[in-house]
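Worksheet for the structure shown next.
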Amino acid sequence: MFRKNIKLQFILINIVLLLLVIIALFSIKHLKNNYNKEIEKTLNTASSSVQSAYHLWLENLKVDIELVANDPVVINFTEKLLTYPLDSSILINNNTQTELRKYLNPFLKIHDYIGFFIISTENYVSYGSMRNSNIGTKNLISKDYPDLFDKAKKGEFFVVPPIASDVPLNNKNNFEKELTMFIGSPIKNKKGKIIAILTFRINPLKDFSNIAKFGTIGNSGETYVIDKNGFIVTQSRFLKKLKQDSLQVHISNSETFKVTNPSSNKFKENSIKIKNQYLPLTLAAKNVLNKETNINTEGYFNYLGTEVIGFWTWDEILQLGFITEINVSEALNPFYKSRNIVLFMLIVTIILVLLLSYLIIKLAKKHRLKLVKINESLETKVHERTLELQEINATKDKFFSIIAHDLANPFNYLIGMTDFLSENIETVDAETRDELILKLNDSATSAFDLLSNLLVWARSQQKMIKISPKNYNLKELTDTSIKPLINIAKEKNIQLLNKIQLNKDVYIDQYMVSTVIRNLVNNAIKFTNYNGIIEIEAIKNENIVTISVKDNGVGMSEEIQSKIFKIGEKVSTHGTNNESGTGLGLILCNEFISKNNGKIWVESIVGIGSTFYFTVPSA
């Protein structure tokens, strides 16, 4: 029968552990899904904010260029320029060109435009410009984006994405890979006919790149823009790192490079550097050039070779791709912390369940063996012994019921809080989450303290703790015992006074009596109000030394005094600062003092305080 019960208990324990693991795994999965949704929302918001800022910026530019394109003076200059023959020297050296430049120059400077073009709609040749080298040649926009001129012919405003510049923009000799961009608008004569196209040149390293910085996220997140060829056309947040690590080995004056994955370079271990244009595009760059809008929360490698989470979309108006990325490690850091808390609580719970199950089975087996021996050796006293065993079992069951109840409380709290975190992770702020984590830690600590006292008590019951009495100086022993509690007392501003004289020597087991002193003083701290006093004294009477621990705390009733040293009674209460107790401390004190040939008792008045006394042999 006993073996069947053991087998049944073993099966039940395994079922409980399996359920705990399933609940923990489900909670972790739920947490990750919630965090992924938050990340998606953050990336989408950052990207949308940057796009909206660009479109607002373009609206302002549109107002500028349409104002000039509709200026009668500019229209008159344009009509005159178009009458000249297509000869560079003639177009450059005429009063109309000079007067046009003088007229537009103040406006360009005020609005921070680098230059302008007046382009023929028939052959796309530049008839007017701030630079002589551009005049009389086919405009560079027609090479990369000829379709935009078709928009102008239809009377529409257009924007040219960043392209390779034909002239130096930043006072640099090497402008081969410098970027430039334009906005354009048609010029109409008085009859409303489109006669030419006006464009303003813009430096993309200024406003254009600065707008992308609105999409910066945390320590590693950024939003950047790429053109139809996969080249980044805004300034990278990590430009310094790129140059230091030589990850993009061909960064130019304009700080543009192709958005490729350097981690795909199979030869980097052999110190062979391959230019990044020969490496594959990153996942985000590849998909955005296919004009896809999507998000990846599983992780991929960006142009730094770092694993990131990213969102990308293609903007048809700007003809550019927008990519917002953040390092996986930073994005999922809150999830990792929450996951580790859940796993820690799971491990602690499993250990506690296994230890408690072992103790229950061990104690049950011990009592059943004792019952068998009593029945075999004392058949004549069956009735008397049966009553005795029934009382022992009743006490044991009550004790286990108390312990199980005290252990269940912190476990219920742990499970409740982890369920709360998993269900409300989207709405719980950082401060509340930290507070819940501290409460979870307190609950786990309370359960661990109870289990520690239970293990000491169990060892005592199994006679695994052997008494080894020696002569000790009582004052020194007391100082050593209460030293770990001094800081705890200070937290409540309690005076902890050891008034024992130096000449008091006792014959005791050091471990047991130190445990008793520490338990009594710790209890006194719990039940003493702030600014209280705890006094430890000793009186010698012949061969007996009586030690007292006195506090001016809350005190206790006579009913509680009658129960605190009994194993079958539950009297564990909370302290003045809501400190939790295990309910086993005084039971251990009673047993340890008995083993040292002494006794222990208490005198207490509610609202006045308590004094615990115990005796030990003198040396």
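Could you tell me which of rounded, prolate or oblate describes segment 52-186, using a ≥ b ≥ c as the square roots of the eigenvalues of the alpha-carbon gyration tensor, with rounded for a/c under 1.5 and, failing that, prolate when a/b is larger than b/c and oblate otherwise?
rounded
Suppose R0 equals 41 Å. What FRET efficiency, 1/(1 + (r/R0)^6) with r the Cβ-Cβ distance, do Ser88 and Asn189 give to the nearest 0.05?
Details: r = 25 Å, r/R0 = 0.60.
E(calc), rounded to 0.05, equals 0.95.
Accessible area of Val16 (1.4 Å probe, protein heavy atoms only, ligands and nucleic acids ignored): about 70 Å². Please state the shape class of segment 327-375: rounded when a/c is under 1.5, otherwise prolate if a/b exceeds b/c and oblate if not, all from the C-alpha gyration tensor. Prolate is the answer for segment 327-375, as a/c is 1.5 or above and a/b outweighs b/c.
Can you give the accessible area per residue of segment 1-120, in Å², using a 1.4 Å probe? Working shown, then result.
Numbers: 7070 Å² over 120 residues.
Accessible area per residue: 59 Å².
To put it simply, the accessible area of segment 17-65 at a 1.4 Å probe is 64 percent carbon and sulfur.
The slack between Leu363 and Asn33, meaning 0.36 nm per residue of separation minus the straight C-alpha distance, is 114.3 nm. Using a simple spin-label model with pseudo-atoms 7 Å out from Cα toward Cβ, Asn531 and Val167 lie 8.2 nm apart. Calculate, for Ile560 and Ala430, the FRET efficiency according to 1/(1 + (r/R0)^6) with r their C-beta to C-beta distance and R0 51 Å; round to the nearest 0.05. It comes out at approximately 0.75. Label-to-label distance for Asp419 and Lys337 is 2.5 nm, based on points extended 7 Å past Cα in the beta-carbon direction.
A Förster radius of 25 Å, combined with the Cβ-Cβ distance separating Ser142 from Lys41, puts the computed FRET efficiency at roughly 0.05.
Over segment 495-539, what percent of the accessible surface lies on carbon and sulfur atoms, probe 1.4 Å?
Working: 990 of 2040 Å².
Roughly 48 percent, rounded to a whole number.
Treating each Cα of segment 23-70 as an identical point scatterer and summing with the Debye formula, the log10 of I(q)/I(0) at q = 0.24, 0.28, 0.30 Å⁻¹ comes to -0.82, -0.91, -0.96. Taking 15 Å as the cut-off, the amide N atoms of segment 600-619 that come nearer than this to a point 7 Å along the Cα-to-beta-carbon line of Thr576 belong to 605-611. The label-point distance for Ser377 and Leu18, in a model that sets each label 7 Å from Cα toward Cβ, rounds to 4.3 nm. Placing a label point 7 Å from the Cα of Asn210 along the Cα-to-Cβ direction, the residues of segment 53-81 with a backbone N closer than 18 Å are 53-62, 64.
Please sort by residue number the chymotrypsin sites (Phe, Trp or Tyr not before Pro) in segment 472-556 whose DSSP state is loop and whose Cβ has at most 13 other Cβ atoms within 10 Å. Passing both the DSSP loop test and the Cβ count: Tyr530.
The values are calculated or read from the model by the stated rules, or taken from the named source; none is laboratory data. Note that the coordinates shown come from a computational prediction; the quantities given were computed from them, not determined experimentally. Please note: Cβ atoms are built from the backbone with ideal geometry, for glycine as well, and neighbour counts cover all protein chains shown. Keep in mind that these areas ignore ligands, DNA and RNA; they rest on the heavy atoms of the full protein, side chains included. Shrake-Rupley method; radii C 1.70, N 1.55, O 1.52, S 1.80 Å.
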